[in-house]
Number of protein chains: 2
Amino acid sequence: MTPWGALLDYTARQDVDGLTAYARSLGPGESARALAHLDAEERQRVLEALGAEETADLLEMLTRAQAVEVVEQLTAIYAANVLHELPTHTEADIVRDLDDDDAAAVLAELPPEEAAEVRALSTWADDTAGGLMVVQYVSVRATQTVSEIVDHLRTQADEYRDYQVQYVYVVDDEGLLTGVLRLRDLLLARPRVTAQEVMIPDPISVEAATDLDGLQELFDGASYFGLPVTDRGRMVGVVRRATVEEAVGEEAHRDHLKHAGIVGGEELRSMPTLTRSRRRLQWLSINIVLNMIAASIIAIYQDTLTSVIALAVFLPIISDMSGCSGNQAVAVSMRELSIGVARPQDVLHVWLKELSVGVINGLALGTMLGGVAWMWKGNPWLGVVAGVALAVNTVLAVSIGGTVPLLLKHFGVDPALASGPVLTTITDLCGFLLVLGLATQMLPLLV
Amino acid sequence: MTPWGALLDYTARQDVDGLTAYARSLGPGESARALAHLDAEERQRVLEALGAEETADLLEMLTRAQAVEVVEQLTAIYAANVLHELPTHTEADIVRDLDDDDAAAVLAELPPEEAAEVRALSTWADDTAGGLMVVQYVSVRATQTVSEIVDHLRTQADEYRDYQVQYVYVVDDEGLLTGVLRLRDLLLARPRVTAQEVMIPDPISVEAATDLDGLQELFDGASYFGLPVTDRGRMVGVVRRATVEEAVGEEAHRDHLKHAGIVGGEELRSMPTLTRSRRRLQWLSINIVLNMIAASIIAIYQDTLTSVIALAVFLPIISDMSGCSGNQAVAVSMRELSIGVARPQDVLHVWLKELSVGVINGLALGTMLGGVAWMWKGNPWLGVVAGVALAVNTVLAVSIGGTVPLLLKHFGVDPALASGPVLTTITDLCGFLLVLGLATQMLPLLV
């Protein structure tokens, strides 16, 4: 039986223990897959039978997009019960991504205090320190001794076990952060000394509004497990390395999806068909217009094409191959941008580096295509037209592919979104112009 | 002055303190960028002036591909000095990726014991638990008391500070792993109890040969900071969550680069031109052959094309648009494969989900293109040919795009590498066949 079949089966037999045991036995991928195969009504049934706590555990294994999708399909009251079982920052993450109506309905069902906290957290933008932080952490005063702090940890052990404590934060009466204690320093210190003496004073902290790039740079630079988050100096939470790395990874995935034409957030096939179709069409309908503009060059040169119909074979090849060459350069530029090796002001350096590769590859590909064209029709000039057009257009494609992501970034346009269409429209236009323009000039040699 | 200019300037003035301070002031991205702008000889000069320890710190900020590139360009003796300053697993990572000759030369310059350890570590395949683990960890016996262990940690504090200790491992006389102690449990436990009583017995461990998928599943399932690595039961190291997540992220990046035609590992523009050109050409030369095969359909239908030359305008549009639609489906499938929502056996489910989107989008795009074709030439039948061909080919493209990654995975072919070429070759072939085949059938209505 399939995992989703098994879940439905346990639910139908009202075997809650069996259902719970089975759900727990599924790995994160299997859970995601099983939920993806259930429709909205089946999910509600299975998850209600499973209970809020187990459902919350399940949600934590899913990607954000899928978790949001699952919560949206639950009744508001059950969704609130489930969210209540999650860490506050995860609750806020999900509430932030719900439709406004759904969010309001769920918040209305939460205890007022919790709803206020979630609402406050969800005001920090997604992918900022405030949006990614957890609000559970251990804080002490600078005058406490190591043994007092250890005793405090020991007596509060039950509460703190869930906090994934790695650091203890030292704050003053106003809640201002004055120092950090690492757990191992507490272990290694003599019991009688005060926090003041062993703490790292003036610790590095991040403002709640710090964005993902800023956080990534901080965590890349040193091996913090987590960093305290402050709002005008007052400590408000802790942002963990794992959370930041996850957010960076998710951002990279969204960029790659965008580059492939999946815009408006991640698409899962369990989402409604019309939503998926509409989001894909937004991208495709821009592309078809750009395509028609580029292809209109062909319409202008109809007479040349009628005289040398063999040229029609080379138009799609040159369009496709230039796209391939250009996309290789785009991929390298996007990667170099993301790891910091390239910046928008390096556009000349990048162009020169692409130029040399473009010339070599253009010559190689142009020779191949030109040779085939010559052999096919026995006319060397047809080979010259096809080969020169592809060679020149390859140089152009890598130049555009390498530099356009940097230029788009410079002008504040998302390179993941716009690099592809800009690249292919220009290379198509130029490719068609090169083949047909050259052929028109050399028409007597070709017919 | 540019950062690379500044580095060269300090080096020329033999101002080591200034150079060191400046190098330390650079963020990870800036360091990567500065090194990318220096040629091999300049790098050697700057990094030798900087000294082995600072160079090692710099290397740790780079991506693996760039670090390997930098080390390859150093003299063997200086490279060995630099590697010596790195954690052993990082040393092994770099040595594993060096050319065999370079690796042998560097190992010959390392102290024999260290060389043996690096060699042993680098025998574990990259991206396995053995390849990713660190070999520095703290181990104790089950009979030791909490206070003895804490005292031990305290006296060895200097050595252990670098270990990023989060767990203490309990091993028996044969080195077999019998339990794990979390630091916070040591803090929270009464001093007189033994490790036996507070340890987590039969802890989860991974075999050294476990691959990245297996590791990812383990770490996804629970919030371990690290897991002990065993070789036939004996503990040999610790693999950390951060290392695994970094490796997963790098793998995703390599997949996206491969999908865009950058094969054979990451490309950086600071690599030699011929290497970059050759690697890109491997991919392009396969693509141009596939392109020619698809375009040969056009050659077969030359007569139809000569009669209705307007069709030549639609061939590249249909080729491009089908590629776009298909690639959206590929992107969603690759993402669903990586997060576990889709598996190879879900191919029918995926196909049905794509079919509905394909029909809607095919109708929308076909109507647009058909309408434009009709208006352009005033012939409704030209609109029918272009529109029907694009509509049918869109359905085909999303069907192929959605299912091919799953099928390739099932047959053990890397979907990141092969999905693109398979998709575009089939959709080009079918697209050209549809336009020209339909037109041939309807020729009397078109001329």
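The values are calculated or read from the model by the stated rules, or taken from the named source; none is laboratory data. Keep in mind it's a predicted model, so treat the numbers as computed, not measured. Neighbour counts are summed over all protein chains in view; Cβ atoms, including those assigned to glycine, are modelled from backbone coordinates with ideal geometry.
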By residue number, the members of region B:304-341 that are among the charged types (D, E, K, R) and farther than 16 Å from residue B:358 by Cα are B:335, B:336
In region B:335-353, what residues are farther than 16 Å from residue B:414 by Cα and basic (Lys, Arg)? B:353
I'd like to check something: does region A:155-168 contain any residue that is modelled with pLDDT of 85 or more, among the acidic types (Asp, Glu) and outside the structural domain of residue A:97 (by TED's automatic domain parsing)? no
Residue B:14 outside any helix (DSSP H, G or I) and more than 14 Å from chain A (Cβ to nearest Cβ): yes
Write out, first by first residue and then by second, each pair whose Cβ atoms fall under 6 Å of each other, whose residues are 6+ apart or on separate chains, and whose first residue, in region B:280-299, is more than 7 Å from every other protein chain (Cβ to nearest Cβ) while the second is polar (S, T, N, Q) and crowded, with 16+ Cβ neighbours inside 10 Å. B:290/B:425; B:294/B:425
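Limited to region B:23-48, what total is found for residues that are more than 25 Å from the chain's Cα centre (by Cα) and in a helix (DSSP H, G or I)?
As a first pass, look at region B:23-48 and keep what is more than 25 Å from the chain's Cα centre (by Cα): B:23-26, B:38-48.
Filter again for in a helix (DSSP H, G or I), leaving B:23-25, B:40-48.
Final tally of qualifying residues: 12.
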Scanning region B:259-277 residue by residue, the ones that are more than 9 Å from every other protein chain (Cβ to nearest Cβ) and either modelled with pLDDT of 85 or more or surrounded by 19 or more Cβ atoms within 10 Å (Cβ to Cβ) (or both) total 4
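Of all residues in region A:147-161 being within 14 Å of residue B:150 (Cβ to Cβ) and within 10 Å of another protein chain (Cβ to nearest Cβ), which is surrounded by the fewest Cβ atoms within 10 Å (Cβ to Cβ)? Don't jump to the end; show me each part of the working.
At the first step, the residues of region A:147-161 found to be within 14 Å of residue B:150 (Cβ to Cβ) are A:147, A:150, A:153-154.
Then keep just the ones that are within 10 Å of another protein chain (Cβ to nearest Cβ); that gives A:150, A:153-154.
Details: A:150: 18, A:153: 20, A:154: 14.
In this case the residue turns out to be A:154.
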Restricting to region B:163-199, count the residues that are in contact (Cβ under 8 Å) with a residue 24 or more places away in the chain, within 10 Å of chain A (Cβ to nearest Cβ) and out of contact with any Leu (no Cβ under 8 Å at 6 or more places or on another chain). 4
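Could we say that residue A:350 is in contact with a Lys or Arg (Cβ under 7 Å, 6 or more places away or on another chain), free of Cβ contacts under 8 Å to residues at least 24 places away in the same chain and over 26 Å from residue B:424 (Cβ atoms) here?
Criteria not met by residue A:350.
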Looking across region B:190-211 at residues that are hydrophobic (A, V, I, L, M, F, W, C) and farther than 20 Å from residue A:187 by Cβ, the single one that is surrounded by the fewest Cβ atoms within 10 Å (Cβ to Cβ) is B:204
Among the residues of region B:212-244, what is the count of those that are buried (at least 19 other Cβ atoms within 10 Å of the Cβ), away from every other protein chain (no Cβ under 14 Å) and not in a strand (DSSP E or B)? 0
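Being over 19 Å from residue B:276 (Cα atoms) and within 11 Å of another protein chain (Cβ to nearest Cβ), is that true of even one residue in region A:374-385?
So in region A:374-385, the residues over 19 Å from residue B:276 (Cα atoms) come out as A:374-385.
Then drop every residue that is not within 11 Å of another protein chain (Cβ to nearest Cβ), which leaves A:376-377.
Yes, that holds for at least one residue.
Please work out which residue is surrounded by the most Cβ atoms within 10 Å (Cβ to Cβ), limiting yourself to region B:115-129 and to residues that are part of a helix (DSSP H, G or I) and modelled with pLDDT of 90 or more. So that I can check it myself, show each step before the final result.
From region B:115-129, those part of a helix (DSSP H, G or I) are B:115-123, B:129; that's our starting set.
Subset that is modelled with pLDDT of 90 or more: B:115, B:129.
Numbers: B:115: 18, B:129: 30.
Residue satisfying both the conditions and the ranking: B:129.
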